Structures are given as C-alpha cells and as structure tokens.
Amino acid sequence: MKLVDKPAKAHKKDASAPQSGDKDASKVAQGRAELIKKPAPRANIENYEQEYATFNWDDAKKEISYFAGGKMNAAYNAVDRHIHDGRRNKVALYSVGANNKIEKLTFQDIYEQSNKIGNALKKLGVERGDRVFVFLPRVPELYTSTIAIAKVGAIAGPLFSAFGPDALRDRLIDSEAKIIITNPQLKPKLDAIRNQLPDLEYVIVVGGDKAQLGEREFTYEELVAGESEKLQCAQMDPEDPLYLLYTSGTTGKPKGVVHVHNDIVGHHMTSKWVLDLRDDDIYWCTADPGWVTGTVYGIFGPWSLGASVVSYEGRFDAASWYSLIDRLKVTVWYTAPTALRMLMKGGDDVVYAHSLESLRHITSVGEPLNPEVLRWGHKVYGLPIHDTWWQTETGMQLIVNLPCNPIKPGSMGKPLPGIYAAIVDEDGEELPPGREGKLVVRPGWPAMLREVWRNEEKYKEYFKIPGWYFSGDNAVKDEEGFFWFIGRADDVINTAGHRVGPFEVESALIEHPAVVEAGVIGKPDAERGEIIKAFIVLGNGVVQTDELLEEIKEFTKRQLAAHAYPREIEVKETLPKTRSGKIMRRLLKAWELKLPTGDTSALEDD
Ligand code: WTA
C-alpha cells in the first residue's frame, strides 16, 4: 500500500496557482498539490511511537482544571478557566447565521451569557442530574445553553433541529426531560406531542413572542433579563453525567448514551493531538451538536483548548462553504466524507475560485473516507484529509490519522496513545493481522460511555466479554498496525454519516394509514455511503401510486427527521419474517443486493 507523502503541509499561494476563471484545464488539473512547498509545521504530537509507549491518561489530567477534592466541571474547563488565563477577550465563537451574518462572542461573552441562563435554570428548579434538552439550530443560544446546563450540574440533551415529533417524543419520554430550550420555528413539532410528555415542566423559547406562549412557557430573553452574570459552576464528581445523547442500534428505539464530566480529559487530548489545535487557530466543525461530533468537537474539546470555534447555521453548498473558510480564515476543518464527496462532485473550479490558503489541517469522521476523495482533497486543497474513527458511545476519537503519521488512503489510522484496540473473533480472541473480525477496545478511556439511560442490559451488551468494549463494527488490522473499516456487524444504517436504526424508520412508516408492514435496510450509495430503502406492505384495497409513495416518504421525513426517511420504497405483497414475527432484514438486503439468501430456515413460510 502506497503511503501518501508526510501530511500536514501548508500550501503557499503563488502566482502559478489556478485562479478563478482560469480556463486552462491542465493547469487546474495539476491542482494545489503542486503548491505544497512549505515543510510541515510542527504538530502538537510529533512522535507517535514514543507517546504510544509512554503516555498515560493521568498525564492528561494535568491539563484539566479541578476544584478541591478532585471535583470538576467540564463547562468550567471549556469556558470559565479562560476568563483567568488571558483568553477572556479572545473570540470563542464565530456564529455564522443562515443569512451569512457573523456574530462574534468572546469567552467573556459566553461566560456571562451561560451564567445568566444557568441562574435562570436554577430558579426554575433545575437540579443536579435533571435532563434539560436543547432543540435549536446552530445559534449562539445553543452553545450558551449547553454550557449553562453543564454548569448547574444538569444533564444536557442535544437534539437535531431536523427531528420531527416522533423522534422528539421518543427521546423526551425516555429521558423524562424536565425542560426543553427551543425556538418559535421548531416549537410546533414539540407542541404536537406536548400532551404525551408528563415530565416536561417548562419550555424556553429563544426569540419567542411572549404573547404566543402558553402556560409554563417562557422566552429565553425574559428569563435572562436581570439575571446575574456570575455563577459558581457546580462541583461535580468526575463520574457525574454531563450529557445524554440518543443513538440508534439495530433493535428497538434509540438508546440514551450517558457521558460524564471526566470525558473532558479525552476531549482535550484528542482536540490537541488529532485536531492539532493551537491558540491561533480558527476551527470549523461542520457537524451539528445533535450529533456527537458537534457536541464533543464543536463545543467541549476545542473550547477546553481555548480555540476559536466557527458555527454555521446555513445549508450545505460548495461555494458558501469555501467562502466561509476564506472569510473567517479557517485553519482547521473537521467534516464528514459525504460532505467531501459532495464537494468533489461540485468540481475543481469552485475550489480554485477560492483561496483556502488559511487551511492548515483537515480531518474527517463518520463513514469510510474513500481513497479517491482523499487523493482529490490532497490535489485541490494541497492537504491530506485525516480520517478519524469513533462513536457516540466512545465519546472521543479512538482510531486516528495523526498529523505526525503517514496516511494509508482508506485506512482509519492507528489507535490514539492511551488506547488499545484490537480485532477479535466472537469469543474475544485476538486475530492476527489481515484477518477480518470485530473491532474492540480495551475499556477505561476517559470518555467511554458510562451507562445506557435506564437500560442496564443494553449497556452490558457492549462489554459482553470481559476486557473488551464491542464497537459493533467489523474491521481488519494490517501488519503495520493500521486499522481498516469493513462495515457494521448489525443492521444499523449509516446514511451521509447519520446513524439510523431501521426500527425507528419502520415504526414511523407503519404509523402511516396506508402501510401495514415495513422492513428497512441500508442500500449502498456512491454519494451518501448508504441510503435508506424501505420495503412495505400496503393495507387491503390500498392502490399503489407514485403520489402515495411520495406522501409516505414525506410523512416519514416529517415525523422522524429530514435525514431519516426512505429515499426508496418498494411495495411487496408480504415481507419475510421469522416464526416469532420479526422481519428478516438480512433477507431484504440479500434481495436488494442480489446476494445469496443464506439460511432461511427460520422463515415463517417454510
Ligand atoms: C461509523 C460518529 C468508517 C462506524 C462519531 C461507527 C466510521 C459509527 C468512521 C458511529 C470512520 C465512524 N470510518 N466508519 N472513520 N467513523 N464510523 O455514533 O460504523 O454517529 O460505528 O458516531 O459510524 O456513528 P456515530
């Protein structure tokens, strides 16, 4: 396997660089890879082997602030400590609105604003351990609220603004959420299910009109008005919960993955080593905090290092993204393979119409990063893309392409110092290099999940063999210790980096009056990795029309989430089921991919 040149080289703008409107195709095709002339800047980690041999997580704790008696607060580390370390007036957040207006908030601003809403939450009776959910687009209040929730010792519940009423209801009921913070545009989705949420005490509406609000509903603005800018962070045990994020498994509804304040130790070290953040960086994580990447590497990790974070409320399009990088002089960029594939599809000209010379380091997560995308990125951005592997459950990057290591295109990289990962068989026996198996990790890293919310049984499944955390992914390790992703070991669908459980989609589908049965699979797709495909059985007498299928798609999108609807629907007379009535997705997948159907002895029709 050919190694890419040593990565992390800044590219220098020079007169020969293809410019906007440059029609010389060969020059454009040469790309910016030609421009890599500067030697690699020093990375925060310089010698992988040495760190791997000597690093231990207690070393990392020295970079974290603790209160007396070993108590801590992740939000204190992300925000408050920068009030005293010279970063007070540094921009913490460049918040770019959907209208492209930029709002700058310093660490002092975030400190004061989070204290105000934190004080307001306390007045509403929020106590340690209460669940407070944030259902907002990427506006400053999303950031100040999340920090405030952590400051008062409550558990933050990030939610995608794309969620529909079904997705909201499942999460708010299961977690017994006490408060939700939202805005007038998203609130109707909550209103639709409000009477099913007996535990929800208050709704806080950012930018709301008081006259439109009902009982136990407040505007964010009225709550913070007159509140003190001072608040003592709750002194938490490192093992106390910090945030609760729902994620999909193969069966049942989404599960609440519980993370704790101690996670910040892992957020900090990975942001330092993997994102390679330095004090002068302008860092853009394109992920929404409704996804673990947006919470960990869009808020806590970079802020723990005191980096300036960019948030962007607008939608994806290549020219807007590149303009944003140029406008704010983004230096470090964390994005996802689907976005990169879409950018690649957007063509080279739009890249060369922008300078992008501020970029220093690019990282990616969420799905396999195709070698051709990596090579394309190297050509047009003049920088390699560093893939990272992790999960909602792992809470931090674990298998990574560090800036100091060579990259093997298509590989997820090597375990972070402090992490032991392996490939094992069903019995937990380690397999030799080159053999495909289960990707497992030795438990005990700082950001490992601590609990599945009120579901001990589910939690235990991750640790079914003592000494290993089972990721649910299949992978292979090569002779040199690089890990290569093979696929999920279960039915979980990864569409454009979104993790979607087939059961959730099936449940939403059968809520539609025309659908009596539904089976859902991931179908390979060049751009999105996978798309969601549904096989459905229509009710007696229902006539299949294109309009009906379109309506069913729209219905699912509305109920569940914009990313979690089936892009393809196929109507069947019946679906294959086991004798206990479970739909055999494995068989649906085999049909779709025209693969051998394997053992069908459990089929009910046998
Ligand atoms: C997949 C995302 C290939 C994998 C932070 C994992 C990846 C699931 C990669 C977790 C990668 C994540 N290459 N696949 N670099 N990173 N995945 O919980 O299947 O949304 O189990 O967390 O995404 O998805 P989750």
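Based on Cα atoms of the stretch 89-257, Rg over Rh with Rh as the Kirkwood radius reads 0.95. The 3J(HN,Hα) values that the Karplus relation (6.51, -1.76, 1.60; θ = phi - 60°) gives for the stretch 358-371 are, in residue order, 6, 4, 10, 8, 10, 10, 9, 7, x, 8, x, 9, 5, x Hz. Gly and Pro appear as x. Once the Kirkwood radius over Cα pairs is known for the stretch 280-373, the Stokes-Einstein relation at 20 °C and 1.002 mPa s delivers a diffusion coefficient of 157 µm²/s. Legend: residue pairs LYS151/LYS253; LYS62/LYS104; LYS438/LYS589; LYS90/LYS272, Cα-Cα distance threshold 23 Å; pairs beyond threshold, LYS151/LYS253; LYS62/LYS104.
For the chain, with all protein chains present and a 1.4 Å probe, just round the carbon and sulfur fraction of the accessible area to a whole percent. It is 49 percent, rounded to a whole number. Counting only DSSP beta bridges with both residues in the stretch 89-257, the antiparallel share comes to about 35 percent.
Placing dummy labels 7 Å off each Cα toward the beta-carbon, the span from GLU456 to TRP57 is 2.3 nm.
In order along the stretch 446-453, phi translates into HN-Hα couplings of x, 9, 4, 4, 9, 5, 9, 3 Hz, rounded to whole numbers, per the Karplus curve 6.51 cos²θ - 1.76 cosθ + 1.60 with θ = phi - 60° and x for Gly and Pro. What is the distance in Å between the Cα centres of the stretch 79-95 and the stretch 398-451? Comparing the Cα centres of the stretch 79-95 and the stretch 398-451, I get a distance of 34 Å. Beyond 13 Å, the tail of the calculated P(r) for the stretch 459-507 holds 70 percent of the Cα pairs.
Separation of the stretch 124-162 from the stretch 237-281 is 15 Å, based on Cα centroids. Taking the Cα centre of each part, how many Å lie between the stretch 544-579 and the stretch 307-334? One Cα centre to the other: 35 Å. With the biggest extent put first, the Cα atoms of the stretch 210-287 measure 48, 44, 31 Å across the principal axes. Geometric descriptor of the chain, per residue, is 173 Å³ (volume of the convex hull of the Cα atoms). Which FRET efficiency, nearest 0.05, do LEU124 and VAL571 yield, Cβ-Cβ r, R0 56 Å? It comes to 0.70. Would you calculate a helix-derived [θ] at 222 nm for the chain, using -39,500 (n - 2.57) for each DSSP H run of n ≥ 4 and dividing by the full residue count, to the nearest 500? Value at 222 nm, helices only: -7500 deg cm²/dmol. The percentage of C-alpha pairs in the stretch 493-593 whose separation is greater than 15 Å is 58%.
Taken per residue, the accessible surface of the chain reaches 39 Å², heavy atoms only and a 1.4 Å probe.
The values are calculated or read from the model by the stated rules, or taken from the named source; none is laboratory data. Here the structure is a predicted model, which means the values were calculated and not measured. Glycine also receives a Cβ, built like all others from the backbone with ideal geometry; neighbour counts cover every protein chain displayed. Heads up: the accessible areas ignore ligands, DNA and RNA and are worked out on the full protein's heavy atoms, side chains in. Shrake-Rupley method; radii C 1.70, N 1.55, O 1.52, S 1.80 Å.
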